[in-house]
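Engineer: Questions regarding the structure given below will be posed in turn.
Bear in mind these aren't lab numbers, they're just calculated from the coordinates by the rules spelled out. Please read these numbers as outputs of a predicted model, since none were measured by experiment. When we count neighbours, we look across all protein chains shown, and the Cβ atoms used for this are built from the backbone with ideal geometry, even at glycine.
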There are 2 protein chains.
Amino acid sequence: MAATVHSLLLQNPNHSSTILKNPYSNIAFPSQSVNFMTPTRSNKSLCITCTTQVQDLSTTAPASQSQDRVFNFAAGPATLPENVLKKAESELYNWRGCGMSVMEMSHRGKEFLSIIQKAEADLRALLNIPEEYAVLFLQGGATTQFAAVPLNLCKPEDPVDYLVTGSWGDKAFKEAQKFCKSNVIWSGKSDKYTKIPSFDELEQNPDAKYLHICANETIHGVEFKEYPTPKNKDRILVADMSSNFCSKPVDVSKFGIIYAGAQKNVGPSGVTVVIIRKDLIGNAQPITPVMLDYKIHAENNSLYNTPPCYGIYMCGLVFEDLLAQGGLVEIEKKNKKKAEILYQTIDESGGFYRCPVDKSVRSLMNVPFTLEKSDLEAEFIKEAAKEKMVQLKGHRSVGGMRASIYNAMPLAGVEKLVAFMKDFQARHA
Amino acid sequence: MAATVHSLLLQNPNHSSTILKNPYSNIAFPSQSVNFMTPTRSNKSLCITCTTQVQDLSTTAPASQSQDRVFNFAAGPATLPENVLKKAESELYNWRGCGMSVMEMSHRGKEFLSIIQKAEADLRALLNIPEEYAVLFLQGGATTQFAAVPLNLCKPEDPVDYLVTGSWGDKAFKEAQKFCKSNVIWSGKSDKYTKIPSFDELEQNPDAKYLHICANETIHGVEFKEYPTPKNKDRILVADMSSNFCSKPVDVSKFGIIYAGAQKNVGPSGVTVVIIRKDLIGNAQPITPVMLDYKIHAENNSLYNTPPCYGIYMCGLVFEDLLAQGGLVEIEKKNKKKAEILYQTIDESGGFYRCPVDKSVRSLMNVPFTLEKSDLEAEFIKEAAKEKMVQLKGHRSVGGMRASIYNAMPLAGVEKLVAFMKDFQARHA
């Protein structure tokens, strides 16, 4: 029941200039567009002051509130586009004049139907998803799909192949063991998950129901640049794309199933996107919980029970933003640029920083690195946090550092990190 | 990166007076309190204008934005407390100065840990949950629990008892058939789900692993006022409380498991709360998907994989608000008052409106009713929507009307509905 007008005064303490602008010019009213300007960032920290005169100044409302953003290198949930957050903020209380928050809408009402349908249409446009694939918005994360995939595609006695290039692929393999005869055809474990094998040397089982890969290993920073051709009878390749989903173009027609938790590149946690070739739907094992049966969700357009509505809405805003940026070809260019300067800094540090991953399969999304002097790692993380760069600590299972630089991490964030790394090295080499 | 100050000018076109106030006085800065004023509502529609003078007026920002709320009688997702939405709006972009949205936080970071721990602590306080119960924040809705309950409590050959008082109890029973020997010990289907039997007449199986009820049937408006004593060997009562969770005090110690989708009384969709006696954890069937295994979630404090962080945050805000209102004793009083005036209007309409449910078990949450002249129902719904009362159409399986009047539906909303019903009757009797 409140009407708001926002103003923004950016004041850089290192310069006497001030910048005053209103980033809300085209979002205060209901709008499909997210093309408004993203505030620019610099390596300098900004002091932000807001000065607004209101008609009644008798209240105790504070005149300013720091809204400094950090650069958040978390592996997921992860940083989201600022303009998407601003749009969500502007619509949270009353979505486009309907008198409700998206969080309050019946999932069967016309408002939410328009949201989920647009989200699907935009995702289809982004990934050029063929008509013969269903798009499902589900819950439970990739971990739920680790069970759903074999439960839907296999009988208990069916063999399946897993190519294991990191912890997530290994977890997927282990979960599948409950529901079919899952088999590891290659594992990078002995090399501490730093490689992807030549596809020629893989011994695929021709009787396998599918070949499973994890397209990008979030913890180990290993990413498939090409995909193996499944040699099983039905030519089914299944990919967990949680941590590189929508980070680059993908030929969906090469896959039987693509699944991804949203919380890396396309939204908040709580939404799992499943893209599945329709002819693979409808053969779930009798012991499949109804919520893991793709047929139920496909027949009901992801509305069998109440979906995670607000998360789907947020994903929709991100899809819209990715399209507005020019689609995944443009996104991939940006991601390559960011990864390039970070890996270059590591490789040119003379061993001060090290990335253990084979250069040919280094992830554009998750960049793990260690310090030659490992006793400096805690100091590195502490100093970075002081500079408003957070969540750089590596996964507890591998140690060291990890910078996750998903779609929404601006180039400025990576530039700031790289500058910091060089400075840190100069001071500690 | 924007700093905001909000002002609110309420102008009632039916009166010449204007009200100017700032509802943000104690939320613009990080705060644990949600005790700020909720804007009052009246039956008159309000014209809302915002006038804010900012230093730079050269932008094209609109000077006003309608933020009229509707009264939303949806069965779920459902209306949320206005002050909770306002608090969420104020914190969306930058949670309490940490430089991130809650949607961007690592679920293992200190910020989110503080959120989920406070949510659990507040829920424990609200429901006085004994120490020997675990509280889990999961995904997948009650429908996922329909499978998880038998998978965790039974072997495939174990018998279990279901007392079926509506569609949801029936769905729970059917899903359990996949995983154990589920048996309906009583069904209200022949009476179109309008009754709950005397507990004395129930023929419980002493060998059953548990007795399952749906504490409030959302579609049929049938609510348990007392609970049956389980006569099975282990004395385990399991309740789906999705649609009356936290609407009144409950003696948790009477239950083995209570589960509830959040999207009725305590938050947005995408979060399921499970309260389970700890000794029941740890016996899942081998075919249990890891995400349905209570042991995994209990051992990891609901952080085995990425939880639905933003939804949990929203639930936390609602729990905080319920405590601030005086807890569930006070909430129940408010809910009884709202239900009372609505049922009274139906019962005193001389048959113009009818509620088919036995008076002794009428739900305080979901009030289904029909019109004697059923051809007027479409007109009723249309006119109500014009008056900004939405989602009054009954579930497609039962027809008629349904007013869901959960915790967050203000008394003013029910008063407005009742006044409308009387007026509608006067015009159409």
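Engineer: In whole Å, how far is the Cα centre of segment B:333-354 from that of segment A:182-234?
Structural biologist: The two parts, judged by their Cα centres, are 63 Å apart.
Engineer: For B:82-89, what's the mean count of beta carbons from other chains sitting within 10 Å of each residue's beta carbon?
Structural biologist: That average works out to 4.
Engineer: Within 10 Å of each Cβ in A:70-80, how many Cβ atoms from other chains are there, averaged over the peptide? Please list the in-between numbers first.
Structural biologist: Working: counts 5, 2, 8, 1, 7, 3, 4, 15, 5, 5, 4.
That works out to 5 on average.
Engineer: Using Cα-only point scatterers and the Debye equation, what is log10 of I(q)/I(0) for segment A:276-398 at each q in 0.11, 0.14, 0.19, 0.22 Å⁻¹, rounded to two decimals?
Structural biologist: -0.71, -0.91, -1.07, -1.23
Engineer: What percent does the relative contact order of segment B:151-296 come to when contacts are Cα pairs within less than 8 Å and at least six residues apart?
Structural biologist: Details: 292 pairs, mean separation 33.0, N = 146.
So the answer I get is 23 percent.
Engineer: Shortest first, in nm, what separates the label point of A:ALA426 from those of the same position in the other copies (7 Å along Cα→Cβ)?
Structural biologist: Distances between equivalent label points, in nm: 8.1.
Engineer: Excluding B:LEU328 itself, calculate the net charge of residues whose Cβ lies under 13 Å from the Cβ of B:LEU328, where each Lys or Arg counts +1 and each Asp or Glu counts -1. Present the calculation step by step, with values, prior to reporting the outcome.
Structural biologist: Working: positive: B:ARG124, B:LYS248, B:LYS333, B:LYS334, B:LYS336; negative: B:ASP122, B:ASP251, B:ASP321, B:GLU330, B:GLU332.
Within the 13 Å Cβ shell, the charges total 0.
Engineer: So for B:LEU153, A:LEU126, fewest C-beta neighbours within 10 Å to most, what's the order? List each step's numbers first, then the result.
Structural biologist: Numbers: B:LEU153 27, A:LEU126 20.
Ordered from fewest to most neighbouring Cβ atoms within 10 Å, B:LEU153, A:LEU126 come out as A:LEU126, B:LEU153.
Engineer: Just order B:401-407, B:333-339 by mean Cβ neighbour count inside 10 Å, highest at the front, would you?
Structural biologist: Details: B:401-407: 26.1, B:333-339: 17.7.
Output ranking for B:401-407, B:333-339: B:401-407, B:333-339.
Engineer: Is there a simple number for the mean count of other chain Cβ atoms within 10 Å of the Cβ of residues in A:303-314, and what is it? Mind dumping the intermediate values first?
Structural biologist: Values: counts 0, 2, 9, 14, 5, 11, 6, 11, 8, 2, 1, 3.
Counting other chains' Cβ atoms within 10 Å and averaging over A:303-314 gives 6.
Engineer: What are the aspartates and glutamates whose alpha-carbon lies under 18 Å from the alpha-carbon of B:LYS337, with same-chain residues fewer than 8 places away excluded?
Structural biologist: Leaving aside aspartates and glutamates fewer than 8 places away in the same chain, those within reach of B:LYS337 are B:GLU223, B:ASP347, B:GLU348, B:GLU415.
Engineer: Tell me the net charge near B:PRO159. Cut-off is 9 Å between Cβ atoms, B:PRO159 excluded, with +1 for each Lys or Arg and -1 for each Asp or Glu. Mind showing how you got there, number by number?
Structural biologist: Working: positive: B:LYS181, B:LYS209; negative: B:GLU157, B:ASP158, B:ASP161, B:ASP207.
Summing Lys/Arg as +1 and Asp/Glu as -1 gives -2.
Engineer: Could you sort B:313-320, B:244-251, A:224-231, B:134-141 so that the peptide with the highest average Cβ count within 10 Å comes first and the rest follow in order? Before the final figure, lay out the partial values.
Structural biologist: On the way: B:313-320: 25.1, B:244-251: 21.6, A:224-231: 15.8, B:134-141: 23.6.
Going from most to least packed, we get B:313-320, B:134-141, B:244-251, A:224-231.
Engineer: Could you tally the net charge around A:GLN285, taking each other residue with its Cβ under 13 Å from the Cβ of A:GLN285, Lys/Arg +1 and Asp/Glu -1? List each step's numbers first, then the result.
Structural biologist: Numbers: positive: A:LYS155, A:LYS178, A:LYS209, A:LYS295, B:LYS178; negative: A:GLU157, A:ASP158, A:ASP293.
Combined, the nearby Lys, Arg, Asp and Glu give +2.
Engineer: Count the lysine pairs in segment B:211-275 whose Cα atoms sit under 24 Å apart, keeping only pairs 8 or more residues apart in sequence or on different chains. Spell out each step's value before the answer.
Structural biologist: Numbers: B:LYS225/B:LYS248; B:LYS225/B:LYS254; B:LYS225/B:LYS264; B:LYS231/B:LYS254; B:LYS233/B:LYS254; B:LYS248/B:LYS264; B:LYS254/B:LYS264.
Close lysine pairs under the 24 Å cut-off: 7.
Engineer: List the chymotrypsin sites (Phe, Trp or Tyr not before Pro) within segment B:255-305 that DSSP assigns to loop and that have no more than 13 neighbouring Cβ atoms inside 10 Å.
Structural biologist: Hits after loop and neighbour filter: nothing returned.
Engineer: Sticking with this one: Which distances in nm, rounded to one decimal and ordered from shortest, link the label point of A:LYS278 to the equivalent label points in the other identical copies, with labels set 7 Å from Cα toward Cβ?
Structural biologist: Ordered by distance, the counterparts are at 5.1 nm.
Engineer: What FRET efficiency do you get for A:LYS422 and A:ASP375 if R0 is 22 Å and r is their Cβ-Cβ distance, rounded to the nearest 0.05? Before the final figure, lay out the partial values.
Structural biologist: Details: r = 20 Å, r/R0 = 0.90.
E between A:LYS422 and A:ASP375, to the nearest 0.05, is 0.65.
Engineer: Could I ask something else about it? Are any of the pairs A:LYS87/A:LYS393; A:LYS118/B:LYS171; A:LYS189/A:LYS373; A:LYS87/A:LYS382; B:LYS338/B:LYS388 more than 22 Å apart by Cα-Cα distance, and if so, which? Numbers along the way, then the final one.
Structural biologist: Values: A:LYS87/A:LYS393 30 Å; A:LYS118/B:LYS171 30 Å; A:LYS189/A:LYS373 25 Å; A:LYS87/A:LYS382 32 Å; B:LYS338/B:LYS388 18 Å.
Correct reply: A:LYS87/A:LYS393; A:LYS118/B:LYS171; A:LYS189/A:LYS373; A:LYS87/A:LYS382.
Engineer: Another question, then. Once phi is turned into θ = phi - 60°, what whole-Hz ³J(HN,Hα) does the Karplus curve with 6.51, -1.76 and 1.60 give for every residue of segment A:357-372, x standing for Gly and Pro?
Structural biologist: For segment A:357-372, the Karplus-derived couplings read 7, 3, 4, 6, 10, 5, 6, 7, 9, 10, 10, x, 8, 10, 9, 3 Hz, x marking Gly and Pro.
Engineer: Now for a different question. Got the A:LYS336 label distances to the other copies yet, label 7 Å along Cα→Cβ, in nm, shortest first?
Structural biologist: Taking the point 7 Å beyond Cα along Cα→Cβ, the inter-copy spacings are 6.9 nm.
Engineer: Residue by residue through segment B:87-97, what is 3J(HN,Hα) from phi via Karplus (6.51 cos²θ - 1.76 cosθ + 1.60, θ = phi - 60°)? Round to whole Hz and write x for glycine and proline.
Structural biologist: 5, 4, 4, 5, 9, 4, 7, 8, 6, 6, x
Engineer: How do A:394-400, B:419-425 rank on mean C-beta neighbours within 10 Å, highest first? Kindly include the intermediate steps, with their values, before the conclusion.
Structural biologist: Details: A:394-400: 14.9, B:419-425: 17.0.
Put in order of decreasing packing, that is B:419-425, A:394-400.
Engineer: Another question, if that's okay. Take the Cα radius of gyration of segment A:327-427 and divide it by 2.2 N^0.38 Å, with N its residue count; two decimals is plenty.
Structural biologist: On the way: Rg = 13.0 Å, N = 101, 2.2 N^0.38 = 12.7 Å.
Dividing the Cα radius of gyration by 2.2 N^0.38 Å gives 1.02.
Engineer: Still on this structure, please answer the following. What fraction of the Cα pairs in segment A:69-191, stated in percent, has a spacing above 21 angstrom?
Structural biologist: Working: 4747 of 7503 pairs.
Looking at segment A:69-191, the distances longer than 21 Å represent 63 percent of pairs.
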